[in-house]
Every structure is written in structure tokens, then in C-alpha cells.
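Remarks on the structure that follows.
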Amino acid sequence: MDNTYFTIVTGRAGSGKSTALAAFEDSGHYCIDNMPVVFLPQFLNLPIDKTDIFNGLTFGMDVRDDSFVRDCAAVLDTLKRKGMKFRILFLEADENVLIRRFNQTRRKHPLSIGKSIQEAIQAEKAILAPIREKADQIIDTSTLNVHELKAIVRKIANQDSACAVMQARCSLLGSNLVCRHMRIWLWMSAFSKILIS
């Protein structure tokens, strides 16, 4: 994909990354969550049929991928040298807010093995510090509800339609293959009936 423009949504667990991805998707972005950063160059080199218009391509990446912090800078530097444009959107929230959210949802923190929720949150903050420094935009969701966060992200996403429209056919690749196989199957079925008759 030449002249590809994409967004990386990252940040602290419990800060609203899933909500942000949903808002990007609502705005016409093709979104993939938990994409290992080392797979990003290969994905962007896929021969995409650019007949359907997307406003952008968005990836959700964070500490669920062990290689994210270690390899992110090198991967993005390589893509930048190839002329690919991207932005990093970093979401965060106050520590007490994150603790409350995890307690309310009873979800496990990605780094909670052998740690308390508070220890996991603090460890993640330190791990993500280099990524945060490289972020193009930081959103503090401490005082935002789901609707307010979606509204902010949609405003960001909708700017893309004017400055970085991307043509792709990612969402239809699978269905096109199915249709192609279906046509082959129908042709073979019809041909076999002719032979039998």
C-alpha cells in the first residue's frame, strides 16, 4: 500500500482504547486490535485492492504484545523511511480512576500476574513512558464518559477524510475470496451435471 496513512491507538489499560477504536471504526476507519507491532510492515505491504474508500487504517497496540515497547520505535522508523505517514494517539487516566475502573469491571490488568492492580498500573506507566513521549496526541480520559471520549476521537478521525483519504479493500478481501470460490463451485457443479446427464 503506497502513501499509507495509519493511526496507532495505544495507552494504559482501562483508559478507553477499545472505545477509541470503536469511534475510529464508526468514522470509516478499518481497525485491527492487538496487532503485534512486528507484523505491521508485512500487513502494510499486502496487495490491497484500492476500490473502496476508507478514511484511514487504525491499529490498537499496547502491553498485551510483549514486543510492542521493545520494537515499536524501530518498526515505525523503518516505515517512516519508506514514506508512510502515521500518528500515535495515547490514552491515559489518573491512577485512582484506573483502579476504580478495574474494580468495577473485574477485568484483569495485562500485567497483573503476581502483582496487585495498583502495582500493575504503575509498572505499565513506566513501561509505556517512551511511547508516550513519541505520541502525537494524548487524551486524558479521567473525567470523560464513553460518549464524550467517542465524540473527541470521532472529531480526530473525521479530519482524515479531508487530508489523508485512503483507498483500500481490507474488509471485503475475505468476502471476495468466498464469492470467487462460490463461483468456482457453482461452475463445477453445473459442469458435473452436464457430464452426468
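The values are calculated or read from the model by the stated rules, or taken from the named source; none is laboratory data. The structure presented is a predicted model; accordingly, all values stated were derived computationally and were not measured. Virtual Cβ from ideal backbone geometry, glycine too; neighbours counted across all protein chains shown.
For the condition outside any helix (DSSP H, G or I) and either free of Cβ contacts under 8 Å to residues at least 40 places away in the same chain or β-branched (Val, Ile, Thr) (or both), what is the one hit in 131, 138?
Exactly one residue qualifies, and that residue is 138.
I'm trying to understand the selection: among the residues of the range 60-75, which are in a helix (DSSP H, G or I) and out of contact with any Leu (no Cβ under 8 Å at 6 or more places or on another chain)?
Once the filter is applied, which keeps residues that are in a helix (DSSP H, G or I) and out of contact with any Leu (no Cβ under 8 Å at 6 or more places or on another chain), the range 60-75 yields 68, 70, 71, 72, 73, 74.
Would you pick out the residues in the range 61-96 that are under 16 Å from residue 109 (Cα atoms) and touching a residue at least 40 places away in the same chain (Cβ under 8 Å)?
Within the range 61-96, 61, 62, 63, 64, 91, 92, 93, 94 meet the criteria.
Look through the range 111-161, keep the residues that are among the basic types (Lys, Arg) and within 16 Å of the chain's Cα centre (by Cα), and return whichever of them is surrounded by the most Cβ atoms within 10 Å (Cβ to Cβ).
If we take residues in the range 111-161 being among the basic types (Lys, Arg) and within 16 Å of the chain's Cα centre (by Cα), then 150 is surrounded by the most Cβ atoms within 10 Å (Cβ to Cβ).
Just the residues that are at pLDDT 90 or above and in contact with an Asp or Glu (Cβ under 6 Å, 6 or more places away or on another chain), please, taken from the range 32-62.
If the condition is that a residue be at pLDDT 90 or above and in contact with an Asp or Glu (Cβ under 6 Å, 6 or more places away or on another chain), then 36, 37, 38, 60 are the ones that fit.
Would you mind finding the one in 86, 39 that is part of a helix (DSSP H, G or I), among the aromatic types (Phe, Trp, Tyr) and surrounded by 14 or more Cβ atoms within 10 Å (Cβ to Cβ)?
The unique qualifying residue is 39.
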